[in-house]
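**Student:** This structure is in structure tokens; I'll ask about it shortly.
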Amino acid sequence: DVMCVTASIHTLCAIAVDRYIAVTRPLRYETLMNKRRARIIIVSVWVVSALISFLPMQMGWWKESSRKATVLVQEHLPNNGSGNGSMTCEFDITPGYAIVSSAVSFYLPMFVMIFVYSKVFREAQKQREKIDRCEVRSNHHQHHQHHHHQHEHNNHQQQQQHQMDNGTGQPGYTSPIERRRPTGSSGGKKLSQILSRKDHKALKTMGLIMGTFTLCWLPFFVVNIVQVYCSCVPRGLFVMLNWLGYANSAFNPIIYCRSPELR
């Protein structure tokens, strides 16, 4: 359970870092994130997850020194008058293990994801602003070009009118200058509007990713630490919050497939 939960959360963190590199280092992305390094990252995620789950149990770091663990087992011993005759295995953890495991499994990846996704969005905004500035310069150039063509067109019209007056002009003739007259900056505005919509959708997708992740897992990991110091947390509430965290794995494929740009 601990290993799979940690692997799931660390995988989301690795995806966030991957997207950060893709946005901030687009030209070097293929070199930085080749197949070999991707395999190393995947293996590292599972190694860390295995260490945080199995190593403390093997070293005995999880054992509670009080009589609480003994009482929990005795309550489920067969024929003790209160149980139903079935054995159970209770994993009663120390405060130190609860804090360290929660920090490594959730809190550290959460802060990394918040930092990385905020940097990704800011970088995307900077790139869009650069595109907007290029469009402004292009429109400024088109504006001067338009005035130049207009001046040429007026001169040509005067020349054509003079020829018509002398009987040497061609009726119905349209100058090449008029045919190639610029259409204005509607194309640039349209591109800017498309990019704005993409930014808006990307912001919604990143907000959905972080919002769903935080809402699903934060309550459980808060209670996971609180219950070590206080017995006021109902068992049913703990189990319900645990399953809420599991539900995050069901939401992830839907959220991550929502945006082609994120994929």
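The values are calculated or read from the model by the stated rules, or taken from the named source; none is laboratory data. These numbers come from a predicted model, not from an experiment. FYI the Cβ positions are ideal-geometry reconstructions off the backbone, even for glycines, and counts take in every protein chain you see.
**Student:** Just for the stretch 89-131: of the residues that are of a type in the set (D, E, K, R) and under 20 Å from the mean Cα position of the chain (by Cα), which one is nearest to Trp46 (Cα to Cα)? Steps first, answer last, please.
**Tutor:** Going residue by residue through the stretch 89-131, those that are of a type in the set (D, E, K, R) are 90, 92, 119, 122-123, 126, 128-130.
So of that shortlist, the ones also under 20 Å from the mean Cα position of the chain (by Cα) come out as 119, 122-123, 126, 128.
Values: Lys119: 26, Arg122: 31, Glu123: 30, Lys126: 35, Arg128: 37 Å.
For the stretch 89-131, the residue satisfying everything is Lys119.
**Student:** Turning to a different aspect of this structure: Do we find a residue being in contact with a helix residue (DSSP H, G or I) (Cβ under 6 Å, 6 or more places away or on another chain), of a type outside the set (Lys, Arg), modelled with pLDDT under 75 and surrounded by 11 or more Cβ atoms within 10 Å (Cβ to Cβ) anywhere in the stretch 83-92?
**Tutor:** Kept after step one, since they are in contact with a helix residue (DSSP H, G or I) (Cβ under 6 Å, 6 or more places away or on another chain), are these residues of the stretch 83-92: 90, 92.
Pick out the ones that are also of a type outside the set (Lys, Arg) and you get 90, 92.
Narrowing the set further to residues that are modelled with pLDDT under 75 leaves 90, 92.
Among the residues that remain, those that are also surrounded by 11 or more Cβ atoms within 10 Å (Cβ to Cβ) are: 90, 92.
The answer is yes; a qualifying residue exists.
**Student:** Okay, moving on. Restricting to the stretch 2-41, give me the number of residues that are among the basic types (Lys, Arg), in a helix (DSSP H, G or I) and exposed (fewer than 13 other Cβ atoms within 10 Å of the Cβ).
**Tutor:** Of the residues in the stretch 2-41, the ones among the basic types (Lys, Arg) are 19, 25, 28, 35-37, 39.
Keeping just the survivors that are in a helix (DSSP H, G or I) gives 19, 35-37, 39.
Going one step further and asking which of them are exposed (fewer than 13 other Cβ atoms within 10 Å of the Cβ), we end up with 35-37, 39.
Going through the stretch 2-41 one residue at a time, the tally reaches 4.
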